[in-house]
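Here is the structure we will look at, set down as structure tokens.
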Amino acid sequence: MPSPPASASAYPLRARGRVIGGSAVLAVIAYAYVLRIAVGDANPFDFFGYFTNQTSALTAALLIVLGLLATRGRGVPPSLTVAWAVGVACLIVVAVVYNGLVPGTGSAPPWVSIVLHAVFPVLVVFDFATAPDRPVLPWNRLWWVLPYPLLWVAVVLFRGATDGWVPYGFLLPERGLASLVLHVVGILLLLLVAATGVWALSRVRWAGRTPTRHPS
């Protein structure tokens, strides 16, 4: 029987790094929101309607929780392991879409965009890839990556149809149904590809450790 994954508490720098890194990202997001308030755009539903801001905030908060659990010598609960993997997959999509399809379109200062669209996704992927407290994710839970982005899309489309606000131009209703469906389906397919990579990554040996199975 394989031994359980090592707790991140055995790697105190990693545990503290998660707390510090997650806190720093939340601070960057808060700073960007303050800038929006300063120009008269204080609506939190608009600011956090951006997938980048929302996903980065949720994943940063999750990293803080993981780090605090590790400092107390506690392992990662199964539900948080899946949420962690979903956050990693979503941030991969954030990095690919922004840097590959719509670079430089945000209103935030360039350094904020770099942190949220490049630095943070890379660090999150690196942490997950090398994490000593990461068990193998069962393939039958891969679909768990879909509910959150599908809910986000549904809310955004509802807002676009009612008050006309959408976070990204390719979601504008006036672009036509065909364009809308093409972009949404394309992003969801990209998300599934990213999630497949994350799930496969959970099976990679690291530092001689054989990954253990996530409880079914």
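In Å², and per residue, what accessible area does the chain have when probed at 1.4 Å with the other protein chains present?
Result: 50 Å² per residue.
Cα axis of helix 120-130 to longest principal axis of the chain: angle in degrees, 0 to 90, nearest 10?
For helix 120-130, the angle is close to 20 degrees.
Give the angle, between 0 and 90 degrees and rounded to the nearest 10, that separates the Cα long axis of helix 51-71 from the longest principal axis of the Cα atoms of the chain.
On a 0 to 90 degree scale, this one is about 20.
Of the peptides 70-79, 43-52, 17-26, how do they stack up when ordered by the mean number of other Cβ atoms within 10 Å, highest first?
Ranking, from highest mean packing down: 17-26, 43-52, 70-79.
In deg cm²/dmol, rounded to 500, what helix-only [θ] at 222 nm does the chain give when every DSSP H run of at least 4 residues adds -39500 (n - 2.57) and the total is split over its residues?
Helix-only estimate at 222 nm: -20500 deg cm²/dmol.
Sorting Leu13, Leu188, Leu58 by accessible area (1.4 Å probe), largest first, what list results?
Ranked from most to least accessible, the order is Leu13, Leu58, Leu188.
Quick one: pull the percent of accessible area on the chain belonging to carbon and sulfur, 1.4 Å probe, ligands and nucleic acids left out.
The value for the chain is 73 percent carbon and sulfur by accessible area.
Does region 92-170 come out rounded, prolate or oblate by the C-alpha gyration tensor, with a ≥ b ≥ c the root eigenvalues, rounded set by a/c under 1.5 and, if not, prolate when a/b is larger than b/c and oblate if not?
Here region 92-170 falls in the oblate category.
Measure nothing but the geometry: give the 0 to 90° angle between the long axis through the Cα atoms of 12-38 and the longest principal axis through the Cα atoms of the chain, rounded to 10°.
Helix 12-38 and the main axis of the chain meet at about 10 degrees.
Quickly rank 134-143, 82-91 as a protection proxy: mean count of other C-beta atoms within 10 Å, highest first.
Taking the mean over residues of other Cβ atoms within 10 Å, the ranking is 82-91, 134-143.
With unit charges on the beta carbons (Lys and Arg positive, Asp and Glu negative) and the dipole taken about the Cα centre of the chain, which residue among Trp143, Leu91, Thr130 sits farthest to the positive side?
Farthest towards the positive end: Thr130.
The values are calculated or read from the model by the stated rules, or taken from the named source; none is laboratory data. For clarity, every value in this text was computed on a predicted model and none was experimentally measured. In this analysis, Cβ positions are derived from the backbone assuming ideal geometry, glycine residues included, and neighbour counts consider all displayed protein chains. Heads up: the accessible areas ignore ligands, DNA and RNA and are worked out on the full protein's heavy atoms, side chains in. Shrake-Rupley method; radii C 1.70, N 1.55, O 1.52, S 1.80 Å.
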